[in-house]
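A quick write-up on the structure given underneath.
The values are calculated or read from the model by the stated rules, or taken from the named source; none is laboratory data. These figures come from a predicted structure and were not determined experimentally. Methodologically, a virtual Cβ is constructed for each residue, glycine included, from the backbone with ideal geometry; neighbour enumeration extends over all protein chains shown. Quick note on the areas: whole protein, heavy atoms, side chains included, nothing else; ligands and nucleic acids left out. Shrake-Rupley method; radii C 1.70, N 1.55, O 1.52, S 1.80 Å.
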Amino acid sequence: ELNFDDLRINNLNFSAEAFADVPNSNYLFILKELSFRPNLTRFSLHDISGQFSVTSQFVSINNFHLETDSSEINLDVRLDSVNVFKNADIEHFKNCPVSINLKAEPFNFDDLSSFISATEILKGTPSLELKANGKFGGFKVEKCVLDYRDTHFELEGKILNLNNPSKLYIQAKINDSD
(Lines give C-alpha, C1' and ligand atoms only; values in the text may rest on other atoms or scores of the structure.)
Protein backbone atom coordinates (compact mmCIF):
# COMPACT_ATOMS: atom_id res chain seq x y z
CA GLU A 1 0.00 0.00 0.00
CA LEU A 2 1.16 3.51 -0.76
CA ASN A 3 2.66 5.28 2.26
CA PHE A 4 3.22 8.97 1.52
CA ASP A 5 5.20 9.35 4.76
CA ASP A 6 7.84 6.98 3.37
CA LEU A 7 7.55 7.30 -0.40
CA ARG A 8 10.86 6.85 -2.18
CA ILE A 9 11.33 6.98 -5.93
CA ASN A 10 14.44 5.62 -7.63
CA ASN A 11 15.53 5.61 -11.27
CA LEU A 12 13.21 8.45 -12.27
CA ASN A 13 13.09 9.19 -15.99
CA PHE A 14 10.86 11.94 -17.37
CA SER A 15 10.58 13.53 -20.79
CA ALA A 16 7.68 15.70 -21.96
CA GLU A 17 6.61 18.60 -24.14
CA ALA A 18 3.73 21.00 -23.66
CA PHE A 19 2.11 23.40 -26.09
CA ALA A 20 -0.40 26.05 -25.11
CA ASP A 21 -2.34 28.35 -27.41
CA VAL A 22 -4.18 30.16 -24.63
CA PRO A 23 -6.13 32.68 -26.80
CA ASN A 24 -7.64 29.79 -28.79
CA SER A 25 -7.96 27.36 -25.84
CA ASN A 26 -5.76 24.69 -27.42
CA TYR A 27 -3.51 22.64 -25.14
CA LEU A 28 -1.33 19.64 -25.86
CA PHE A 29 0.80 17.68 -23.44
CA ILE A 30 3.07 15.01 -24.87
CA LEU A 31 4.41 12.66 -22.25
CA LYS A 32 7.31 10.97 -23.99
CA GLU A 33 8.46 8.95 -21.03
CA LEU A 34 7.79 8.59 -17.35
CA SER A 35 9.31 5.67 -15.49
CA PHE A 36 10.45 5.04 -11.94
CA ARG A 37 10.92 2.41 -9.29
CA PRO A 38 9.11 3.28 -6.05
CA ASN A 39 9.56 1.54 -2.72
CA LEU A 40 6.37 -0.48 -3.25
CA THR A 41 6.63 -4.24 -3.08
CA ARG A 42 4.44 -5.03 -6.09
CA PHE A 43 4.82 -2.08 -8.43
CA SER A 44 7.44 -0.71 -10.76
CA LEU A 45 6.57 1.70 -13.56
CA HIS A 46 8.49 0.90 -16.73
CA ASP A 47 6.75 3.43 -18.95
CA ILE A 48 3.87 5.86 -19.22
CA SER A 49 3.59 7.82 -22.41
CA GLY A 50 0.89 9.47 -24.48
CA GLN A 51 -0.52 12.62 -26.01
CA PHE A 52 -3.17 14.52 -24.06
CA SER A 53 -5.14 17.21 -25.92
CA VAL A 54 -7.76 19.65 -24.71
CA THR A 55 -9.11 22.16 -27.20
CA SER A 56 -12.24 24.24 -27.64
CA GLN A 57 -13.50 21.48 -29.97
CA PHE A 58 -12.40 18.13 -28.49
CA VAL A 59 -10.65 16.25 -25.71
CA SER A 60 -8.41 13.29 -26.51
CA ILE A 61 -5.83 10.86 -25.25
CA ASN A 62 -3.77 9.31 -28.04
CA ASN A 63 -1.15 6.58 -27.95
CA PHE A 64 -1.41 6.21 -24.18
CA HIS A 65 0.85 3.41 -23.03
CA LEU A 66 1.30 2.15 -19.48
CA GLU A 67 3.72 -0.66 -18.71
CA THR A 68 4.64 -2.09 -15.33
CA ASP A 69 6.34 -5.33 -14.28
CA SER A 70 3.07 -7.17 -14.81
CA SER A 71 0.65 -4.98 -16.82
CA GLU A 72 0.49 -3.35 -20.22
CA ILE A 73 -2.31 -0.96 -21.19
CA ASN A 74 -2.83 0.95 -24.45
CA LEU A 75 -5.59 3.53 -24.87
CA ASP A 76 -6.93 5.94 -27.47
CA VAL A 77 -10.04 7.92 -26.54
CA ARG A 78 -11.59 11.01 -28.09
CA LEU A 79 -14.63 13.14 -27.33
CA ASP A 80 -15.52 15.54 -30.17
CA SER A 81 -17.78 18.59 -30.46
CA VAL A 82 -17.19 19.53 -26.84
CA ASN A 83 -15.75 22.66 -25.27
CA VAL A 84 -14.85 21.84 -21.67
CA PHE A 85 -13.74 25.44 -21.16
CA LYS A 86 -17.31 26.68 -21.55
CA ASN A 87 -19.32 23.81 -20.11
CA ALA A 88 -17.87 20.69 -18.51
CA ASP A 89 -21.24 19.34 -17.31
CA ILE A 90 -21.54 15.82 -18.77
CA GLU A 91 -25.26 16.27 -19.38
CA HIS A 92 -24.26 18.55 -22.29
CA PHE A 93 -22.07 15.83 -23.83
CA LYS A 94 -25.07 13.75 -24.98
CA ASN A 95 -24.61 14.33 -28.75
CA CYS A 96 -20.82 14.52 -28.75
CA PRO A 97 -19.08 11.84 -30.81
CA VAL A 98 -16.91 9.51 -28.74
CA SER A 99 -14.46 6.77 -29.67
CA ILE A 100 -12.62 4.40 -27.35
CA ASN A 101 -9.94 1.83 -28.12
CA LEU A 102 -8.52 0.06 -25.09
CA LYS A 103 -6.24 -2.91 -24.85
CA ALA A 104 -5.04 -4.19 -21.50
CA GLU A 105 -3.01 -7.32 -22.03
CA PRO A 106 -2.54 -8.22 -19.27
CA PHE A 107 -3.66 -6.09 -16.35
CA ASN A 108 -2.49 -7.30 -12.96
CA PHE A 109 -4.70 -6.30 -10.05
CA ASP A 110 -1.61 -6.18 -7.80
CA ASP A 111 -0.60 -2.97 -9.61
CA LEU A 112 -3.84 -1.35 -8.51
CA SER A 113 -3.70 -2.80 -4.99
CA SER A 114 -0.31 -1.16 -4.47
CA PHE A 115 -2.15 2.18 -4.43
CA ILE A 116 -5.70 1.29 -3.37
CA SER A 117 -5.89 -1.25 -0.55
CA ALA A 118 -9.64 -1.79 -1.04
CA THR A 119 -8.86 -3.58 -4.32
CA GLU A 120 -6.78 -6.22 -2.53
CA ILE A 121 -9.64 -8.73 -2.96
CA LEU A 122 -9.19 -8.59 -6.76
CA LYS A 123 -6.66 -11.18 -7.93
CA GLY A 124 -5.24 -12.34 -11.19
CA THR A 125 -4.30 -10.90 -14.55
CA PRO A 126 -7.27 -10.36 -16.86
CA SER A 127 -6.89 -9.07 -20.38
CA LEU A 128 -9.38 -6.77 -22.04
CA GLU A 129 -9.89 -5.41 -25.53
CA LEU A 130 -12.58 -2.77 -26.00
CA LYS A 131 -13.67 -0.84 -29.09
CA ALA A 132 -16.59 1.55 -28.86
CA ASN A 133 -17.92 4.59 -30.69
CA GLY A 134 -20.99 6.70 -31.22
CA LYS A 135 -22.47 9.59 -29.28
CA PHE A 136 -21.62 10.05 -25.60
CA GLY A 137 -25.31 9.68 -24.72
CA GLY A 138 -25.60 6.39 -26.63
CA PHE A 139 -22.64 4.59 -28.10
CA LYS A 140 -22.04 1.13 -29.46
CA VAL A 141 -19.61 -1.32 -27.91
CA GLU A 142 -18.41 -2.97 -31.11
CA LYS A 143 -16.02 -5.34 -29.39
CA CYS A 144 -15.37 -6.28 -25.82
CA VAL A 145 -13.22 -9.33 -25.23
CA LEU A 146 -12.39 -10.26 -21.66
CA ASP A 147 -10.17 -13.15 -20.61
CA TYR A 148 -9.77 -13.90 -16.93
CA ARG A 149 -8.19 -17.10 -15.70
CA ASP A 150 -10.15 -19.87 -17.46
CA THR A 151 -13.03 -17.63 -18.56
CA HIS A 152 -13.43 -16.03 -21.98
CA PHE A 153 -16.17 -13.50 -22.82
CA GLU A 154 -16.91 -11.76 -26.09
CA LEU A 155 -19.69 -9.25 -25.98
CA GLU A 156 -21.15 -6.33 -27.85
CA GLY A 157 -23.83 -3.88 -26.98
CA LYS A 158 -24.69 -0.29 -26.20
CA ILE A 159 -24.04 2.13 -23.38
CA LEU A 160 -26.95 4.56 -23.10
CA ASN A 161 -27.36 7.72 -21.03
CA LEU A 162 -23.72 7.98 -19.98
CA ASN A 163 -24.38 11.72 -19.92
CA ASN A 164 -27.02 11.12 -17.21
CA PRO A 165 -25.53 8.50 -14.85
CA SER A 166 -28.70 8.09 -12.78
CA LYS A 167 -30.35 6.75 -15.98
CA LEU A 168 -27.35 4.75 -17.22
CA TYR A 169 -28.48 1.74 -19.23
CA ILE A 170 -26.34 -1.05 -20.66
CA GLN A 171 -27.52 -3.41 -23.39
CA ALA A 172 -25.17 -6.35 -23.83
CA LYS A 173 -25.09 -9.58 -25.78
CA ILE A 174 -22.54 -12.26 -25.02
CA ASN A 175 -21.55 -13.84 -28.33
CA ASP A 176 -18.93 -16.35 -27.31
CA SER A 177 -18.07 -17.57 -23.86
CA ASP A 178 -15.84 -20.34 -22.58
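Please give the charge dipole size of the chain, origin at the Cα centre, charges +1 on K and R Cβ atoms and -1 on D and E Cβ atoms. Round to the nearest 20 debye.
The dipole magnitude comes to about 720 debye.
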- Radius of gyration and Dmax over the Cα atoms of the stretch 75-178, both given in Å: 15.9, 47
- Rounded to whole angstroms and listed largest first, the alpha-carbon spread of the stretch 1-121 along its three principal axes comes to 43, 31, 28
- Query: Amide H to amide H, which residues 5 or more places from His152 or on other chains are under 5 Å from it, using H placed in the peptide plane?
  - Reply: Asp178
- Post the alpha-carbon centroid distance, the stretch 130-159 to the stretch 1-80, in whole angstrom. 25 Å
- Under a point-charge model restricted to the Cβ atoms of Lys and Arg (+1) and Asp and Glu (-1), what is the dipole moment magnitude of the stretch 100-178 relative to its Cα centre, in debye to the nearest 20? 580 debye
- Message: Helix-only estimate, please: 222 nm mean residue ellipticity of the chain, summing -39500 (n - 2.57) across DSSP H runs of length 4 or more and dividing by its residues, to the nearest 500.
- Response: -500 deg cm²/dmol
- From the cross-link list Lys94/Lys158; Lys32/Lys86; Lys86/Lys158; Lys131/Lys173; Lys32/Lys143, the entries with a Cα-Cα span beyond 18 Å are Lys32/Lys86; Lys86/Lys158; Lys32/Lys143
- Task: Within 10 Å, count the other beta carbons around each residue, average over each peptide in 19-30, 50-61, and list them highest first.
- Result: 50-61, 19-30
- Query: With every protein chain in place, what's the accessible area of Ile159 (1.4 Å probe, Å², nearest 10)?
  - Reply: 40 Å²
- For the stretch 124-136, what does the Karplus curve 6.51 cos²θ - 1.76 cosθ + 1.60, with θ = phi - 60°, yield as ³J(HN,Hα) per residue in whole Hz, taken in order and with x for Gly and Pro? x, 9, x, 10, 9, 10, 9, 10, 8, 6, x, 9, 4
- Relative contact order in percent for the stretch 71-138 (Cα pairs under 8 Å, 6+ apart) equals 40 percent
